[in-house]
Amino acid sequence: MNVEVENLDKVRKKVQVVLPEAKISEIRESIYDELKKKAKIKGFRPGKVPKSIITTYYKDYIDEELQTRMVQTTMGEALSTAKVDPVTEPILNFINEEDRHGYELECEIVPEIELPSYKAVEVEVEAINITDDDVEKRIDGLQHMHAEMITRENDAVAQKGDFVILKYQGYMNGKPVKGIGTEYYPLELGTTTLMPEFETALTGMRAGEEKEVSITFPDDYPDKDIASKTMQFQVLVKEIKEKRLPEINDEFAKDLNFENIEAMKAGLKEEISKEKDTAQKRDIAQKIMEILLKSTDIPVPKRLLDKRILGMIEEAKKRFKADSMTEEEERSLEENLRKDFEPRAEERIKGEIILKKIAETESITVDDTEVHERMKRMAEDTRRNYEEIEKFYREYNMMDSLRASIMEEKTLNFLRDNSIVKVKQ
């Protein structure tokens, strides 16, 4: 097998693989032997069909299968010989000349880059301060989380702090607007989840009461189709619930697995401290990466970028419920998402390339034990069996992705440990 490599540009290489005729003949014979056993051609008994008949009758199949098996049996070895590690599926072209058979692979690769100085990078971050107010806000959040919802009776009217269950439909020019309506929408009055005019109109309504509410959307409203326009909403209040907060005392603390209020405050303070420490580490890593990216010229493989953007678009479309959109609406959404996602995806890939190169330079590796420990931690965090987590990653071919994620994490830790962090006072 003859393997030759050609540099197309900084992110692409062409690998040409020419197989010896003996190898081609061997593959052809194996295909023929398989066909001979199962070929059913009128006038011949199974296994007794002459080779000339089989090769004529199954010519297209044999040619296609030959190409498939050429690649399957040699591509791994060819790429290893060429020392090429593709980051996307290679573009495949076959060589089918009279005395030359093989294929060419156009491979996108991680580019060779000149790393900037990545040790002793200076970054500035906010100091970590945990105040009594932080703890009180956390307790307030927990209090609301454990509130009891009581249906309000006796002709009660909706007021700030109540939960109302709505049914509504939006209309424009007298016609219902697709996607602007629901049979069941829970809303806490006073949280400004919806536009203030909408909540104001709901305040004072009773369960079973229906009202038309007109809303004029501002010029800078995110949905450009209704920005600057006025829409009428037919709103029905189906139910009103009062939120009753539990009293903050030792019993409340015990419900949260603390001995008493003081123990709860101390525990929450420690929890907040860990969260802020994690956030600060993330901030340090992000600032280091921003500095490194500005200091380095990194070409990005085009097909890798397109693949990453497409994945982000598909994920976003699920959240937007794109299956209920028209083709034009979906096309417009995809165009807008692509504009938004492309710079983010490009920066993400550049960051991955820098981290990969730093890991190689510093001999940062991930062994099987670390992968096992990470899956074990996932199992504990999600309260699932380790075997279930491992099966998921193996079935969906995500082990390499998990290993790469751990590698990035270790490399970021290395950069953070070797940085100069100045804390704002």
One residue is enough: does region 366-380 have a residue meeting the conditions under 18 Å from the mean Cα position of the chain (by Cα), in a helix (DSSP H, G or I) and surrounded by 14 or more Cβ atoms within 10 Å (Cβ to Cβ)? yes
Restrict the check to region 161-169 and report whether at least one residue is at pLDDT 85 or above, open to solvent by less than 60 Å² (accessible area, probe 1.4 Å), out of contact with any helix residue (DSSP H, G or I) (no Cβ under 8 Å at 6 or more places or on another chain) and farther than 15 Å from Lys238 by Cβ. yes
Can you find a residue that is under 30 Å from the mean Cα position of the chain (by Cα), surrounded by 15 or more Cβ atoms within 10 Å (Cβ to Cβ), modelled with pLDDT of 90 or more and part of a strand (DSSP E or B) anywhere in region 119-139? yes
Mind telling me which of the residues Lys357, Lys318 ends up being of a type outside the set (S, T, N, Q) and surrounded by 12 or more Cβ atoms within 10 Å (Cβ to Cβ)? Lys357
Which of the residues that make up region 177-196 are in a loop (DSSP other than H, G, I, E, B), exposed (fewer than 15 other Cβ atoms within 10 Å of the Cβ) and without any contact (Cβ under 8 Å) to a residue 24 or more places away in the chain? Thr191, Thr192, Thr193
I'd like the full set of residues that are open to solvent by 50 Å² or more (accessible area, probe 1.4 Å) and more than 28 Å from Lys119 (Cα to Cα), limited to region 391-409. Lys391, Phe392, Arg394, Glu395, Tyr396, Asn397, Met398
Looking at region 270-282, is at least one residue in contact with a strand residue (DSSP E or B) (Cβ under 7 Å, 6 or more places away or on another chain), open to solvent by 70 Å² or more (accessible area, probe 1.4 Å) and not polar (S, T, N, Q)? no
Right, Ser332: under 26 Å from Lys281 (Cβ atoms), assigned to a helix (DSSP H, G or I), at pLDDT below 95 and open to solvent by less than 90 Å² (accessible area, probe 1.4 Å) or not? no
Take Asp63 and decide whether it is open to solvent by less than 80 Å² (accessible area, probe 1.4 Å) and out of contact with any helix residue (DSSP H, G or I) (no Cβ under 7 Å at 6 or more places or on another chain). yes
Look at Lys241 and say whether it is more than 30 Å from Glu330 (Cβ to Cβ), touching a Ser or Thr at 6+ places or on another chain (Cβ under 6 Å) and either part of a strand (DSSP E or B) or of a type in the set (A, V, I, L, M) (or both). yes
All but one of (1) in contact with a helix residue (DSSP H, G or I) (Cβ under 8 Å, 6 or more places away or on another chain); (2) surrounded by fewer than 16 Cβ atoms within 10 Å (Cβ to Cβ) hold for Asp220, so report the exception by its number. (1)
Total residues in region 5-58, condition open to solvent by 70 Å² or more (accessible area, probe 1.4 Å) and without any contact (Cβ under 8 Å) to a residue 24 or more places away in the chain: 21
Filter result for the condition that a residue is touching a strand residue (DSSP E or B) at 6+ places or on another chain (Cβ under 8 Å), of a type outside the set (Gly, Ala, Ser) and modelled with pLDDT of 95 or more, over Lys241, Lys302: Lys302
Determine whether region 70-86 contains at least one residue that is in contact (Cβ under 8 Å) with a residue 24 or more places away in the chain, out of contact with any Asp or Glu (no Cβ under 9 Å at 6 or more places or on another chain) and more than 30 Å from Pro299 (Cα to Cα). yes
With Lys410, Lys424 as the choices, which residue is among the basic types (Lys, Arg) and either over 30 Å from Leu292 (Cα atoms) or modelled with pLDDT of 95 or more (or both)? Lys410
Listed by first then second residue, the pairs whose first member lies in region 403-418 and is within 15 Å of Ile354 (Cα to Cα), whose partner is open to solvent by 50 Å² or more (accessible area, probe 1.4 Å) and not in a helix (DSSP H, G or I), with beta carbons under 9 Å and at least 6 positions apart or on separate chains, are Met407/Thr365; Lys410/Thr365; Thr411/Glu362; Phe414/Glu362; Leu415/Lys119
Considering only region 384-421, state which residues are aromatic (Phe, Trp, Tyr), part of a helix (DSSP H, G or I) and within 20 Å of the chain's Cα centre (by Cα). Phe392, Tyr393
If a residue must be assigned to a loop (DSSP other than H, G, I, E, B) and in contact with a Gly (Cβ under 8 Å, 6 or more places away or on another chain), how many such residues does region 154-176 contain? 4
Scanning region 197-214 for residues that are part of a strand (DSSP E or B) and either open to solvent by 40 Å² or more (accessible area, probe 1.4 Å) or at pLDDT below 90 (or both) gives Arg206, Glu210, Lys211, Glu212, Ser214
All but one of (1) in contact (Cβ under 8 Å) with a residue 24 or more places away in the chain; (2) open to solvent by less than 80 Å² (accessible area, probe 1.4 Å); (3) not in a strand (DSSP E or B) hold for Glu112, so report the exception by its number. (2)
Can you tell me which of (1) surrounded by 13 or more Cβ atoms within 10 Å (Cβ to Cβ); (2) farther than 23 Å from Ser117 by Cβ; (3) in contact (Cβ under 8 Å) with a residue 24 or more places away in the chain is the one Gln425 doesn't meet? (1)
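The values are calculated or read from the model by the stated rules, or taken from the named source; none is laboratory data. Just so we're clear, the structure is a prediction, and the values are computed from it rather than from any experiment. In this analysis, Cβ positions are derived from the backbone assuming ideal geometry, glycine residues included, and neighbour counts consider all displayed protein chains. Surface accessibility is based on the protein's heavy atoms, side chains included, excluding ligands, DNA and RNA. Shrake-Rupley method; radii C 1.70, N 1.55, O 1.52, S 1.80 Å.
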